[in-house]
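Notes follow once the structure below has been shown.
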Amino acid sequence: MKLFDSGVYLLNGTQLLDEQEASARLGRTLNREEAKKGTIAYGILQKHNTAKDMAHLKLRFDSLTSHDITYVGIIQTARASGMKIFPMPYVLTNCHNSLCAVGGTINEDDHKFALSAAKKYGGIYVPTNMAVIHSYNREMMAGCGRMILGSDSHTRYGAIGTMAVGEGGGELAKQLVGRTYDITLPEVIAVYLTGKPQPGVGPHDVALSIVGATYANGYVKNKVMEFVGDGISDLPMEYRNAIDVMTTETTCWSSIWQTDEKTQNYLSIHGRPQDYAKLAPAELAYYDGAILIDLSKIKPVIAMPFHPSNVYTIEEFLANAPDILDKTEKMIAEQFGKRGVGIDLKSKYYDGAFHVDQGIIAGCSGGTFDSLCQVADILEGESVGNGAFTLSLYPGSQPVYLELLRNGAAAKMMASGALLRECFCGPCFGAGDTPANGEFSIRHTTRNFPNREGSKPGEGQLACVALMDALSIAATAIHGGKLTPATSLCKEYHTRPYHFDAGIYAKRVYDGRGKADPQSELRMGPNIKDWPTMPELTSHLLLKVVSHITDAVTTTDELIPSGETSSFRSNPLRLAEFTLSRKDPNYVKRAKIVQRIETAREAGQCPCEADEEIAEVYRILHEKFPDLKPREIVIGSTIYANKPGDGSAREQAASCQRVLGGAANLAKEYATKRYRSNLINWGMLPFLTADADAYRVGDYVFIPHVREAVQSGAPVQACILRDGSIVGEATLTLGELTEDEKQILLDGCLINFYRSH
């Protein structure tokens, strides 16, 4: 795999050349800006842009999609912002909170709310266990040249010719009230595929290899990955889909692939031949960078805890297992402290092999028809054993499940002792097949972040997850859990035709497009609550640091845990109680103390009368800023983190802080655009600061003339107060903000913005 150091030209879709080579080949001076228009991405973005120019895009999407831990909050936000009807197709799937043992009737109340919303506003309702969100959208909504916006970070349908974007709920709410998605024209990176994968190498092997090569260096961060090259033609569509969904883990903004006869056949099988169009780069296209991948050189890999980029080939891992396991244990101990000391991975390496406890193949990445059929080929006539090792398989949709039953693959898998489960995203975020304490699980799912599998370190329960391809997981299964790359097997893989039964959806999915009934009532369960009111930004801002996180990266799962919290995602106040609970258990208590002071201020009480510490802070500030009026200054909490927001698109990673009185984040950088957008949409200032050591828990940060800074985009000089004195100053910046984003921050949140504009 080669990452180019600079931009490249793609000539005739087959040759990557630098500017000098391309100019010599064509015999003329090249216009780079004109050649940028030759990418597939540029054409799709141009089609969806409503702005007068392409430098600053204002996008309208073709459809939206959400699942049942995000759609309640989105619809509630849009309702409060004046929405009367879904202005575009909006798919509401029920694949996350569908395990109703977690949350009891609360989850099913959310589902009934979604069905009533689909009827009232004209949406598409996919009942529980019918399909995971991305499988349904691939089968029914994605088409060549389209754009889809989803409130799940893995919203990726590039292999079907759709540029899809995963964002926080606020961005979907904007689309629902007729506004646009605003972004500077992103750079485009060519991903040139050549060669053909060897037998036993699956799509996750390719995808994880790409993530490992691009995540840490930020090579594709907030950019578009455009897949081109002669190697694509040999890849089946489901292979492409499974690679594509993992582009999210590179932190790219979106993805797109050139299309061909296989794309056309895929859409025809799903009853939508009219949605095919040939997508390919122009004869000459300029890319801001390029990744050259020889698929024939890819080997089975394993992404060790706790990130998809922590990649080794299985061959390399087995050859150096004691050293890699020792390194992993030290990393766990450093990250979890005393809670991580009990993890003993080295004990799982014995007799020259590494022994795992659990295998999972699931959802939008692993539960595809092709992958499960090949898993059946490996498991046929074999046994997963009757020891500690278990194997669970989750098809991505009911049509896939039915076809596995019809062609006999399901029987082969079940006969081996594997468990064939319902269509459910649970293992991806900790709501199903949670390993026992100290266990090591290998999974063809999307993420292996800390605690994402459902363990609870605060209660003494911690497990580890590594990511692998379905084929090597199946190879490991037939060896009783002994880690085995699929390339070591002498297995014959059969290509099975796929027959899509559209009747499954026709009989169960409610499709209300164009049939909105404004008189229909929403069905509101007792756990479904409105968003609390948020204060607008005052002239000055006083922050108290209530958490200080020095990890290299802070994931959204650490900001607001998944799994057991999912049942409360339609109840902002109850969900907020879990904020940072696995990372900083004292955060909520500290934030609430600050919030009580702000609540008193909003009620008309002087903050100096509400809290002695605040009175002392204002006494000190008054010496430098004699015109301060405490009653007119918002007092909010803030966290410092080096690089927060890697992972999920769910807005609750930001909104929970806001519900508890959070007014800003301080960070060296933000891991993803979507997390920064979530902060902005909830009225939280996304400050950038250079010095982590400048702040401690308990510090106050006073930011004078903050409204002016937001309006002008200028840096501000903040005063840091500690132990009764001003101990220093810090320069804070906000980065690039659109005019709407500025106004959202000034108004206090997206809902306030729409109420007043």
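The values are calculated or read from the model by the stated rules, or taken from the named source; none is laboratory data. Everything numeric here is computed off the predicted structure, so don't read it as measured data. Please note: Cβ atoms are built from the backbone with ideal geometry, for glycine as well, and neighbour counts cover all protein chains shown.
Looking only at residues that are at pLDDT 90 or above and surrounded by fewer than 17 Cβ atoms within 10 Å (Cβ to Cβ) in segment 533-542, which one is nearest to residue 85 (Cα to Cα)? Checked segment 533-542; the qualifying residue nearest to residue 85 (Cα to Cα) is 536. Scanning segment 575-593 for residues that are touching a residue at least 60 places away in the same chain (Cβ under 8 Å) and in a loop (DSSP other than H, G, I, E, B) yields 578, 579, 581, 582, 585.
This table checks each residue for (1) β-branched (Val, Ile, Thr); (2) over 29 Å from residue 429 (Cβ atoms); (3) touching a residue at least 24 places away in the same chain (Cβ under 8 Å); (4) part of a strand (DSSP E or B).
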site: 462; (1), (2), (3), (4): no, no, yes, no
site: 466; (1), (2), (3), (4): no, no, yes, yes
site: 472; (1), (2), (3), (4): no, no, yes, no
site: 475; (1), (2), (3), (4): no, no, yes, no
site: 479; (1), (2), (3), (4): no, no, no, no
site: 493; (1), (2), (3), (4): no, yes, yes, no
site: 496; (1), (2), (3), (4): no, yes, yes, no
site: 499; (1), (2), (3), (4): no, yes, yes, no
site: 505; (1), (2), (3), (4): no, no, yes, no
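Selection of first residues in segment 200-213 that are on the phi > 0 side of the Ramachandran plot and of second residues that are assigned to a helix (DSSP H, G or I) and surrounded by 24 or more Cβ atoms within 10 Å (Cβ to Cβ), restricted to Cβ pairs under 6 Å at least 6 apart or on distinct chains, gives the following pairs, ordered by first then second residue: 200/471; 200/486.
State yes or no: is residue 286 touching a Phe, Trp or Tyr at 6+ places or on another chain (Cβ under 7 Å), assigned to a strand (DSSP E or B) and either of a type in the set (A, V, I, L, M, F, W, C) or not assigned by TED's automatic domain parsing to the domain that holds residue 141 (or both)? Criteria met by residue 286.
Would you be able to say whether some residue in segment 714-731 is in a helix (DSSP H, G or I), closer than 30 Å to residue 180 by Cα and without any contact (Cβ under 8 Å) to a residue 12 or more places away in the chain? Looking through segment 714-731, none of the residues is in a helix (DSSP H, G or I), closer than 30 Å to residue 180 by Cα and without any contact (Cβ under 8 Å) to a residue 12 or more places away in the chain. Of the residues 462, 483, 467, 471, which single one is farther than 24 Å from residue 395 by Cβ and either surrounded by fewer than 18 Cβ atoms within 10 Å (Cβ to Cβ) or at pLDDT 95 or above (or both)? After applying the criteria, what remains is 483.
Among strands (runs of 3 or more DSSP E) entirely within segment 290-384, having at least 2 residues that are in the same structural domain as residue 446 (by TED's automatic domain parsing) and either modelled with pLDDT of 95 or more or in contact with a Leu (Cβ under 8 Å, 6 or more places away or on another chain) (or both) singles out 358-362.
The set of residues from segment 196-223 being within 17 Å of the chain's Cα centre (by Cα) and in a loop (DSSP other than H, G, I, E, B) comprises 215, 216, 218, 220, 221, 222, 223. Only strands (runs of 3 or more DSSP E) whose full extent lies in segment 628-669 are considered here, and none of them has at least 3 residues that are crowded, with 24+ Cβ neighbours inside 10 Å and of a type in the set (Lys, Arg). Quick one: would you say residue 266 is hydroxyl-bearing (Ser, Thr, Tyr), buried (at least 21 other Cβ atoms within 10 Å of the Cβ) and closer than 22 Å to residue 12 by Cα? So residue 266 does not fit the description; no. Looking across segment 31-88, the residues that are of a type in the set (Gly, Ala, Ser) and not in a helix (DSSP H, G or I) come down to 38, 51, 55, 63, 66, 81, 82.
If you go through segment 50-71 one residue at a time, do you hit one that is of a type in the set (S, T, N, Q) and surrounded by fewer than 21 Cβ atoms within 10 Å (Cβ to Cβ)? Before you say what the answer is, go through the steps one by one.
Going residue by residue through segment 50-71, those that are of a type in the set (S, T, N, Q) are 50, 63, 65-66, 70.
Okay, now just the ones that are also surrounded by fewer than 21 Cβ atoms within 10 Å (Cβ to Cβ), so 50.
The answer is yes, given that some residue of segment 50-71 is of a type in the set (S, T, N, Q) and surrounded by fewer than 21 Cβ atoms within 10 Å (Cβ to Cβ).
Applying the selection to segment 347-384, what residues are under 27 Å from residue 137 (Cβ atoms) and of a type in the set (Ser, Thr, Tyr)? Those that are under 27 Å from residue 137 (Cβ atoms) and of a type in the set (Ser, Thr, Tyr): 365, 368, 371. Of the candidates 492, 558, the single residue that is closer than 30 Å to residue 368 by Cβ, crowded, with 20+ Cβ neighbours inside 10 Å and either of a type in the set (Asp, Glu) or under 28 Å from the mean Cα position of the chain (by Cα) (or both) is 558. Mind listing whichever residues of segment 561-574 are buried (at least 23 other Cβ atoms within 10 Å of the Cβ), under 15 Å from residue 169 (Cβ atoms) and of a type outside the set (Ser, Thr, Tyr)? Passing the criteria: only 569. The residues on offer are 510, 498, and the sole one that is more than 29 Å from residue 333 (Cα to Cα) and either in contact with a Leu (Cβ under 7 Å, 6 or more places away or on another chain) or buried (at least 23 other Cβ atoms within 10 Å of the Cβ) (or both) is 510. As an exercise: evaluate residue 743 against (1) over 26 Å from residue 550 (Cα atoms); (2) in a loop (DSSP other than H, G, I, E, B) and give the number of the one condition it does not meet. Failing condition for residue 743: (2). Summed over segment 6-23, the residues that are surrounded by 11 or more Cβ atoms within 10 Å (Cβ to Cβ) and assigned to a helix (DSSP H, G or I) give a count of 4.
I'd like to know if segment 265-277 contains one or more residues that are at pLDDT below 95, assigned by TED's automatic domain parsing to the domain that holds residue 202 and at positive phi.
No, every residue in segment 265-277 fails to be at pLDDT below 95, assigned by TED's automatic domain parsing to the domain that holds residue 202 and at positive phi.
Scanning segment 156-179 for residues that are part of a loop (DSSP other than H, G, I, E, B) and either modelled with pLDDT of 95 or more or among the charged types (D, E, K, R) (or both) yields 156, 161, 167, 179. In segment 109-118, the condition of being over 25 Å from residue 258 (Cβ atoms), assigned by TED's automatic domain parsing to the domain that holds residue 68, surrounded by fewer than 24 Cβ atoms within 10 Å (Cβ to Cβ) and at pLDDT 95 or above is met by at least one residue.
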